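Enquirer: Structure provided below as C-alpha cells; questions to follow.
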Amino acid sequence: MTKEFWLNLPVKDIKKSRAFFEEAGFKFNPQYAGENSDCLMIGSKGVIVMLFEEPQFKGFTGAEVTDTGRSTEMLLSFDAESPGEVDEWAKKAEAAGGTVFGKPSSIQGWMYGCGFADIDGHRWNVLYMDMAKMQG
C-alpha cells in the first residue's frame with residue numbers, strides 16, 4: 001500500500017532554487033536536504049516536492065530534462081485560503097525572481113487564481129475556491 005506521494009523536479013542550481021522558494025514563502029524539510037537537493041513541504045498534508053540538480057535528476061530518470069522554456073510537462077497546483085493570499089503568492093513569486101504568467105483573476109465566478117513559473121520554468125498554479133459559489 002502506498003504511504004506517501006512526492007514529486008521530483010530538476011533544478012539548475014540548488015542554492016538559487018532554495019533562495020527562490022524560501023523568498024516565495026514555501027516551507028522546507030531540512031531532514032531531506034542534501035548538497036544537490038532540497039525538500040519542499042506543500043499543504044497541510046505535507047506533500048513532498050523534491051528538488052534535484054539536473055545531473056542527479058537525469059541519473060534517476062535516464063532521460064533528458066524537459067526544456068521549460070519551450071514546453072510544460074506539468075502544472076503544480078495548490079490552494080489558497082483567500083483571494084488576498086493568491087495575490088500575495090503572485091507578488092512573492094515575482095519578487096523572488098519568478099515570472100507570473102497568469103495574473104491573479106476570477107475564474108468561472110467561484111475561483112480566483114494565478115499562475116507563476118519558478119526560476120527553472122516549472123509552472124505553479126495558486127487557486128482559491130469559494131465552494132459556496134460553485135455551481136453543480
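The values are calculated or read from the model by the stated rules, or taken from the named source; none is laboratory data. Given the structure is predicted, the values throughout are model-derived calculations rather than measurements. Don't worry about glycine lacking a Cβ; one is built from the backbone with ideal geometry, like all the others, and counts go over all protein chains shown. Side chains included, ligands, DNA and RNA excluded: accessible areas come from the protein's heavy atoms. Shrake-Rupley method; radii C 1.70, N 1.55, O 1.52, S 1.80 Å.
Enquirer: Apply 1/(1 + (r/R0)^6) to the Cβ-Cβ distance of M41 and S77, taking R0 = 25 Å, and write down the FRET efficiency to the nearest 0.05. The partial results should precede the final answer.
Expert: On the way: r = 16 Å, r/R0 = 0.63.
So, using R0 = 25 Å, E works out to roughly 0.95.
Enquirer: So, one more: If contacts are Cα pairs under 8 angstrom and at least 6 residues apart, what is the relative contact order of region 39-103 in percent? Write down the numbers at each step before the final one.
Expert: Numbers: 27 pairs, mean separation 10.3, N = 65.
Relative contact order, region 39-103: 16 percent.
Enquirer: Still on this structure, I have one more. Given R₀ = 30 Å, FRET efficiency for T68-T2 by Cβ-Cβ distance, to 0.05?
Expert: Values: r = 28 Å, r/R0 = 0.93.
That pair, T68 with T2, gives E of 0.60.
Enquirer: Based on DSSP H runs of at least 4 residues, each adding -39500 (n - 2.57), what is the mean residue ellipticity at 222 nm of the chain after dividing by all its residues, to the nearest 500 deg cm²/dmol? Working shown, then result.
Expert: Values: 3 runs with 32 residues, N = 136.
Per the formula, -7000 deg cm²/dmol.
Enquirer: At 10 °C and a viscosity of 1.306 mPa s, what translational diffusion coefficient does Stokes-Einstein give for region 1-80, taking Rh as the Kirkwood radius over Cα pairs? Give it in µm²/s as a whole number. Don't jump to the answer; show the numbers that get you there.
Expert: Details: Rh = 13.6 Å.
The diffusion coefficient I find is 117 µm²/s.
Enquirer: Taking the solvent-accessible surface of protein heavy atoms with a 1.4 Å probe, what is the per residue accessible area of the chain in Å²? Mind showing how you got there, number by number?
Expert: On the way: 8520 Å² over 136 residues.
Value returned for the chain: 63 Å² of accessible area per residue.
Enquirer: Sticking with this structure for a sec: Calculate one ³J(HN,Hα) per residue across region 117-133 by plugging θ = phi - 60° into the Karplus curve 6.51 cos²θ - 1.76 cosθ + 1.60, and present them in order as whole Hz with x for glycine and proline.
Expert: Result, rounded to whole Hz: 10, 6, 5, 9, x, 6, 9, 10, 10, 10, 9, 9, 10, 8, 4, 5, 9.
Enquirer: Enumerate the calculated ³J(HN,Hα) couplings along region 90-96 in order (Karplus 6.51 cos²θ - 1.76 cosθ + 1.60, θ = phi - 60°), each rounded to whole Hz, writing x wherever the residue is Gly or Pro.
Expert: Karplus-based 3J(HN,Hα) across region 90-96 equals 4, 5, 5, 4, 5, 5, 7 Hz.
Enquirer: With only alpha-carbon atoms counted, please give the Rg and Dmax of the chain, in Å.
Expert: Here Rg and the maximum Cα pair distance are 15.6, 48 Å.
Enquirer: Based on the alpha-carbon gyration tensor of region 45-84 and its eigenvalue square roots a ≥ b ≥ c, which shape applies: rounded if a/c is under 1.5, prolate if not and a/b is larger than b/c, or oblate?
Expert: Numbers: a/c = 3.57, a/b = 1.79, b/c = 1.99.
Since a/c reaches 1.5 but b/c is at least a/b, the shape of region 45-84 is classed as oblate.
Enquirer: Can you pull the one-decimal nm distance between simple spin-label points at E22 and Q108, each 7 Å off the Cα toward Cβ?
Expert: 3.8
Enquirer: Which aspartates and glutamates have a Cα lying under 16 Å from the Cα of K12, excluding residues fewer than 8 positions away in the same chain?
Expert: Counting by Cα, and skipping residues close in sequence, K12 has these aspartates and glutamates nearby: E35, D38, E53, E54, E64, D67, D118, D120.
Enquirer: For Cα pairs less than 8 Å apart in space and 6+ apart in sequence, what is the mean separation divided by the residue count of the chain, i.e. the relative contact order in percent?
Expert: Numbers: 240 pairs, mean separation 29.9, N = 136.
Worked out over the chain, it gives 22 percent.
Enquirer: If we sort 18-24, 48-54 on the protection proxy, mean other Cβ atoms within 10 Å, highest first, what's the order? Let's see the in-between values first.
Expert: Values: 18-24: 17.9, 48-54: 19.6.
Result, highest mean first: 48-54, 18-24.
Enquirer: Here is a follow-up. Rounded to the nearest percent, how much of the accessible area of the chain (1.4 Å probe, protein heavy atoms only) is carbon and sulfur? It would help to have the intermediate numbers written out before the result.
Expert: Values: 4340 of 8520 Å².
Exposed carbon and sulfur together represent 51 percent of the surface.
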